[in-house]
Amino acid sequence: MLAGGHDEARQGEALLLETAPLKHNGRKLYIESYGCAMNFSDSEIVASIMTDMGFQTTANYKEADVVFINTCSIRENAEQKVRNRLREFGAVKKQNRGLIVGVLGCMAERLKARFLEEEKLVDVVVGPDSYRDLPNLIGTVDDGNKAVNVLLSREETYADISPVRLNSNGITAFVSIMRGCDNMCSFCVVPFTRGRERSRDPHSIVQEARDLFNEGYREVTLLGQNVDSYKWSDEAGTERVNFAGLLELVALISPELRVRFSTSHPKDITDEVLFTIAKHENICNYIHLPVQSGNSRVLDLMNRTYDREWYMERVSAIRRIIPECAISTDVITGFCTETEEEHQETLSMMDYVGYDFAYMFMYSERPGTLAAKRYKDDIPEDVKLRRLQEVVAKQQQHSHERLKLQLGKVQKVLIEGFSKKSKQHYAGRNDHNAMVVFPVNEKYKPGEYAYVLAEECTTATLLGTIVDPS
Ligand code: SAH
Ligand code: SF4
Ligand code: F3S
């Protein structure tokens, strides 16, 4: 039997409310996340729902009763990684027949019940808007059946669920402010896997951020696929909050709470948002502004709804309003019909902006997207790869140059913990999101701010020493 449907979701919710808080039911949950920060944030919602059902979380999948894999569909290799990981869970299931394996997230949404046929070890398939139905779905599996719920919602924001922080450093946290995406970038599966865009009630966002601050957290990253289109109003329409307004509300919680956000969309980022960033010292001077391509014809095929000139104008607005702002980007190489000249325009855009950081990808055709339906994936893999390598080489140069500009300057760093390489060094990020590593000073603890003089840098990290704030 396949479970699913809105009614079950409501029942699941009621069950959750009636029985919470349950004592530990003796069962353990292991959850692993792939893809973007939204997925990692969703896993914390899932952990919360499962904890209310009595599950304890474990970091060791071999001792788990339920293994969840929260999946990503953005590129083919992201899906391949999940398939490979399922093989490893399959080996454990051979030893432990009672193990429940669940696939959550974007691949679950894309493949739906087909997943159960393709991957025999999978017991439950749950889309990103159906996590409230987990008590019901797990119940179905406990009864010996397989279960699927991949209904998308126009309202669900999980606003009332307090996430259980997973793998947390206790200092930085993600806060989801919206779900879904209404843009139809032709290459992208997200509108299909995450559904329609909806914004979460700002009161619940501020409350969550304030609670985090009171628990000792010092940085929140507000998450959405397109944060600039955040838009909320109460039912009477008297209270309206846009993204600039939300940023300000969160920034005002405390000057000691750092605020970051991702992702900004070039078509929607307003001067009002830029002025809000400039006004508040605790809103980090860092904007992730994915360009995808530097050529207007390719941007049009991608359905990004801006062109090269528009993007450049937004960058100059950032430089004008927030002179010290770091900018990062996403780039796709070898999109359908992209010529060498058009690829060169991506490289020249990189020179124009001088990005601090970039995520760079070869185009991967995704079933069901506009691009898959309309255009031929006609750039050979070796050409995509060579273009990617050119983009990566340029970015390495720029990242290094941008870091070098910080040398000799004092950085305000939020200490996140020890550096990966040594317990004698602390690591944390500056306002620009650059990693800064420096010798431990007994006067400072993780979760505190330190002023660090940047003295040297590698290609990705600043190295320095703590200086007296005065
Ligand atoms: N909402 C964000 C992007 C989310 S997906 C935005 O609009 O900018 C993260 C990145 O994955 C995208 O910016 C894009 O660069 C990349 N990506 C998405 N679909 C892709 C595909 N089919 N092939 C290669 N890269 C892709
Ligand atoms: Fe995908 Fe475009 Fe939405 Fe970003 S804005 S999630 S790239 S459709
Ligand atoms: Fe991947 Fe879904 Fe995020 S496809 S990038 S996990 S929204």
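Criterion applied to E109, E119 was being at pLDDT below 95, more than 20 Å from D52 (Cα to Cα) and open to solvent by less than 20 Å² (accessible area, probe 1.4 Å), and the one residue passing it is E119. Only one of the numbered conditions (1) assigned by TED's automatic domain parsing to the domain that holds M53; (2) touching a Cys at 6+ places or on another chain (Cβ under 9 Å); (3) small (G, A, S) is not met by G139, and that is (2). Within the stretch 281-300, the residues that satisfy the criterion of being over 22 Å from the mean Cα position of the chain (by Cα), over 16 Å from H265 (Cβ atoms) and open to solvent by less than 30 Å² (accessible area, probe 1.4 Å) are G294, N295, V298.
Where the second residue is assigned to a loop (DSSP other than H, G, I, E, B) and the first is away from ligand 2 (no atom under 15 Å from the Cβ) and lies in the stretch 356-370, which pairs have Cβ atoms under 8 Å and are six or more apart or on separate chains? Between residues of the stretch 356-370 that are away from ligand 2 (no atom under 15 Å from the Cβ) and residues that are assigned to a loop (DSSP other than H, G, I, E, B), the close pairs are D356/H432; D356/N433; D356/A434; F357/N433; M362/G334.
The set of residues from the stretch 62-101 being modelled with pLDDT of 95 or more, open to solvent by 40 Å² or more (accessible area, probe 1.4 Å) and closer than 12 Å to K28 by Cβ comprises just one member, D65.
Within the stretch 71-101, the set of residues being of a type in the set (G, A, S) and within 21 Å of M38 (Cα to Cα) comprises S73, A78. Checked against (1) under 18 Å from the mean Cα position of the chain (by Cα); (2) more than 23 Å from S43 (Cβ to Cβ); (3) free of Cβ contacts under 8 Å to residues at least 40 places away in the same chain, E197 passes all but condition (2).
When each of I322, I318 is tested for being buried (at least 22 other Cβ atoms within 10 Å of the Cβ), hydrophobic (A, V, I, L, M, F, W, C) and assigned by TED's automatic domain parsing to the domain that holds S176, the lone residue that passes is I318.
Residue-level analysis places Y363 outside the set of residues that are touching a strand residue (DSSP E or B) at 6+ places or on another chain (Cβ under 9 Å), under 24 Å from I379 (Cβ atoms) and open to solvent by 50 Å² or more (accessible area, probe 1.4 Å).
Given the residues E401, E442, E365, which is the only one that is among the acidic types (D, E) and farther than 30 Å from Y352 by Cβ? Exactly one residue qualifies, and that residue is E442.
Would you confirm whether or not the stretch 348-358 contains a residue that is open to solvent by 20 Å² or more (accessible area, probe 1.4 Å), farther than 18 Å from A460 by Cβ and of a type outside the set (S, T, N, Q)? The answer is yes; a qualifying residue exists. Checking each residue in the stretch 209-219 for being open to solvent by 20 Å² or more (accessible area, probe 1.4 Å), in a helix (DSSP H, G or I) and in contact (Cβ under 8 Å) with a residue 12 or more places away in the chain picks out R210, D211, F213.
For beta carbons closer than 7 Å, sequence separation of 6+ or different chains, a first residue in the stretch 102-113 that is of a type in the set (D, E) and a second that is not in a loop (DSSP other than H, G, I, E, B), the qualifying pairs are E109/T193.
The values are calculated or read from the model by the stated rules, or taken from the named source; none is laboratory data. These figures come from a predicted structure and were not determined experimentally. Here the Cβ is made from the backbone with ideal geometry for all residues, glycine too, and neighbour counts use every protein chain on show. Quick note on the areas: whole protein, heavy atoms, side chains included, nothing else; ligands and nucleic acids left out. Shrake-Rupley method; radii C 1.70, N 1.55, O 1.52, S 1.80 Å.
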